[in-house]
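The values are calculated or read from the model by the stated rules, or taken from the named source; none is laboratory data. Bear in mind that the values here come from a model prediction, so they are computed numbers and not experimental data. Positions of Cβ are generated from backbone atoms using ideal geometry, with glycine treated the same way; all protein chains shown enter the neighbour counts. We work out accessible area using only protein heavy atoms, side chains counted, and drop any ligands, DNA or RNA first. Shrake-Rupley method; radii C 1.70, N 1.55, O 1.52, S 1.80 Å.
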Amino acid sequence: MKFNSLFSFLVPKESKFFPMIIKEGEYCYEAAKLLTEFFEHGTDHEKTKEMYARIKEYEMKGDRLVEEIYGELNDTFITPFDREDIHDLCDNLDDVLDFITSSAKRVMMFQPHHIPKRMFGMADNIQQGCEAINKVLKQLNGVNKHSDKALEQCNKLHELEHAADDLYEQFITDIFVEYANDSVELIKLKEIMYELEKATDKAKNVGKAVKTIIVKYA
């Protein structure tokens, strides 16, 4: 038996972290679903303001929850995983929510004339990533029993991020051709897509953080 596994068996650990981390993943997933719907109304300024407020609410809930988790880390003697691993995981979950929100905020502020097809594709990529996050976080409690399933979701996040990189490159190529004579619209769309792409980077980092936990405890 590995030392970590033996230590885990002998010393009871606080289980309160699992439901909080799972809830943070659920906030990411709900915000991502809203983001996909948000882009369907991307040129309707009043509708985007309304939907942005709903996305922002999830970000604020997530911020409060992450701060609560950090407080518990300081106050809890025995944690289910290394403190720095929990902190890193929550940092990246918080970043996913931040970039989802900032993407919606830029659409609301910039009011682009239309939403390009590849932007819808990026929003769908983020939703798929947050679905994978939601699944993998629910497997953390007892990860040593089903590490294969957790790794499957981590690998999916890695693949989605690669697909997002390709999508972003294709998008940039397209808009520099299509908007060669409209630099203002080009800048708007580029800024929005950049925030979306960063959300996929952070989603991949969630997978990396979970993989680190799996290596230590599975």
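Looking at segment 145-218, the accessible area is 51 square angstrom per residue; that uses a 1.4 Å probe and ignores ligands, DNA and RNA. Using the Kirkwood formula over every pair of different C-alpha atoms, what hydrodynamic radius in Å results for segment 44-127? 14.8 Å is the Kirkwood radius here.
Of the DSSP H helices in the chain, those that are both long (alpha-carbon extent of 20 Å or more along the helix axis) and hydrophobic (Kyte-Doolittle mean at least -0.5) are 17-40, 83-110, 117-137, 183-217. Distance between the C-alpha centres of segment 33-95 and segment 108-134: 17 Å, rounded to the whole angstrom. Placing +1 on the Cβ of every Lys and Arg and -1 on the Cβ of every Asp and Glu, with nothing else charged, gives segment 1-155 a dipole about its Cα centre of roughly 380 debye.
For the chain, the 222 nm mean residue ellipticity estimated from helices alone, with every DSSP H stretch of n ≥ 4 adding -39500 (n - 2.57) and the total spread over all residues, rounds to -29000 deg cm²/dmol. Our compactness index for segment 70-180, the C-alpha radius of gyration over the empirical 2.2 N^0.38 Å, is 1.37.
Between 173, 43, 79, the GNM of the chain built on Cα springs shorter than 10 angstrom shows 173 fluctuating the most. When the Gaussian network model of the chain links Cα atoms closer than 10 Å, the mean-square fluctuations of 163, 31, 104 top out at 163.
Would you look at the GNM of the chain, springs on alpha carbons closer than 10 Å, and say which of 207, 42, 142 moves the most? Per the Cα network of the chain with a 10 Å cutoff, 142 tops the list. For the chain, the fraction of C-alpha pairs more than 32 angstrom apart is 24%.
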